[in-house]
Amino acid sequence: MRLLKMFFKIAALAVAVVMSLSLFACENGAIDSDEQEGNEENVYDLILFTGQSNMVGRETERYPVEIPEGMAYEYKASTNKLYPVRNPAGEPFGSLESSSGSSILPRFVEKYVETTGRKVIALHAGCGGSSVNRFVKGADVGNDIMKKVDACTTYLQENNYTIGKCFYLYFQGCTDVSMSSEYYEKLFLKFHTELKNHLDYEFGAQIFTGEDKDNLSQELIENVLRIDGVKSKMAREHDDLIVCNKQAAVYFVENPEYMREDNLHYNTQGLLKIAEDSCDVVLDYLGFGDPSKKGIDPETYLSEPVFTDFAK
């Protein structure tokens, strides 16, 4: 009888230790991978958010999002864990940065989940002030993006997740307004092709970028529109590329209420506007919005950006 009582005491102690360890591992919001085993509903759409500082997010305020539990996570390579989507997004990982407070990722994901009812795993991979030549494989940003993507897909495979839809958003270009159109296109398509070897995406969705309004001139505006025009050209010529937002380019000048005091980065209002408008276009393209726009190139209906003070 004494031996039996001792057995039960030891068993109870073991259970308590396991429960304590589990609580410790998850108290910071990370998801215990063991929770996912045997879950037949483990299908998640994988979305990569990449680009320079306005994809990173320089707004210090943290806007809240409300996403039902279990519906959306962000993968962080530094801990190899999933976390509920919230601000700030991202993490220091090589050349990649965490957002200062808010970015477009949380609101985009929130709206995507609200509209589709689909689960999402998001990847934040941005680096401020980065030229497109740093995004190709072999350069620092490109290498770190590929490493993070590889770490995420390995984690998902090892923990019995199934990837549903997969696409990426790219918010970059203002650093490269002095680059030739041909060279920008060559470098971006190199990144686009190399990324495909690591992330089996259906398409990439590009966002137009602008420039600091305090330094604008007619020549600079023309160069901004020229580089953004390269994005449109690539979208027309490649079935796995679209442009999901053109108006973000003019907010620097036309909508100061969307900008931080530095005139370079979007504030909370601007980030929310870009996230929602970009998500609407992606949803239409995927068939979750306007049914007449399913699979239709947004180039056929998105309005071109206009800088009224510089219009000829």
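The values are calculated or read from the model by the stated rules, or taken from the named source; none is laboratory data. Only a predicted model underlies this, so the values are computations on that prediction, with no experimental measurement involved. For neighbour counting, all protein chains shown are included, and Cβ atoms are generated from backbone atoms with ideal geometry for every residue, glycine included.
Observations
- All positions within the stretch 261-272 that are in a helix (DSSP H, G or I), more than 15 Å from the chain's Cα centre (by Cα) and not small (Gly, Ala, Ser): THR268, GLN269
- Selection over the stretch 239-255 of residues that are out of contact with any Pro (no Cβ under 9 Å at 6 or more places or on another chain), assigned to a loop (DSSP other than H, G, I, E, B) and under 15 Å from LEU169 (Cβ atoms) gives a count of 1.
- Sole exception among (1) in a loop (DSSP other than H, G, I, E, B); (2) aliphatic (A, V, I, L, M); (3) modelled with pLDDT of 95 or more for LEU48, by number: (1)
- Counted residues, the stretch 180-191 - those being farther than 18 Å from ASN54 by Cβ, touching a residue at least 40 places away in the same chain (Cβ under 8 Å) and not small (Gly, Ala, Ser): 4
- Test: GLY164 is in contact with a helix residue (DSSP H, G or I) (Cβ under 7 Å, 6 or more places away or on another chain), touching a residue at least 40 places away in the same chain (Cβ under 8 Å) and not basic (Lys, Arg): no
- Positions within the stretch 64-81 being closer than 21 Å to LYS147 by Cβ and either under 15 Å from the mean Cα position of the chain (by Cα) or surrounded by fewer than 16 Cβ atoms within 10 Å (Cβ to Cβ) (or both), in sequence order: TYR73, GLU74, TYR75, LYS76, ALA77, SER78, THR79, ASN80
- Subset of the stretch 82-118 that is of a type in the set (A, V, I, L, M, F, W, C) and under 12 Å from the mean Cα position of the chain (by Cα) - its residue that is nearest to TYR155 (Cα to Cα): VAL85
- ALA275 being over 16 Å from the mean Cα position of the chain (by Cα) and buried (at least 22 other Cβ atoms within 10 Å of the Cβ): no
- Selection of strands (runs of 3 or more DSSP E) fully inside the stretch 69-124 by the criterion of at least 3 residues being touching a Ser or Thr at 6+ places or on another chain (Cβ under 8 Å) returns 90-93.
- For the stretch 242-292, residues that are farther than 29 Å from LEU216 by Cα and not acidic (Asp, Glu) total 9.
- Residues that are within 30 Å of GLY295 (Cα to Cα) and at pLDDT below 95, drawn from the stretch 198-222: THR209, GLY210
- The lone exception for GLU61 - which of (1) closer than 22 Å to ASP277 by Cβ; (2) surrounded by 18 or more Cβ atoms within 10 Å (Cβ to Cβ) it fails: (2)
- Scoring ASP297 on the criteria (1) surrounded by fewer than 19 Cβ atoms within 10 Å (Cβ to Cβ); (2) within 20 Å of the chain's Cα centre (by Cα); (3) over 22 Å from VAL65 (Cβ atoms) leaves a single failure, condition (2).
- Meets criteria (over 22 Å from the mean Cα position of the chain (by Cα) and not aromatic (Phe, Trp, Tyr)) for GLU222: yes
- Residues in the stretch 128-138 that are over 20 Å from SER103 (Cα atoms) and part of a loop (DSSP other than H, G, I, E, B) were compared, and the one that is farthest from the chain's Cα centre (by Cα) is GLY138.
- All helices (runs of 4 or more DSSP H) inside the stretch 139-238 with 2 or more residues being among the β-branched types (Val, Ile, Thr) and buried (at least 20 other Cβ atoms within 10 Å of the Cβ): 140-158, 218-237
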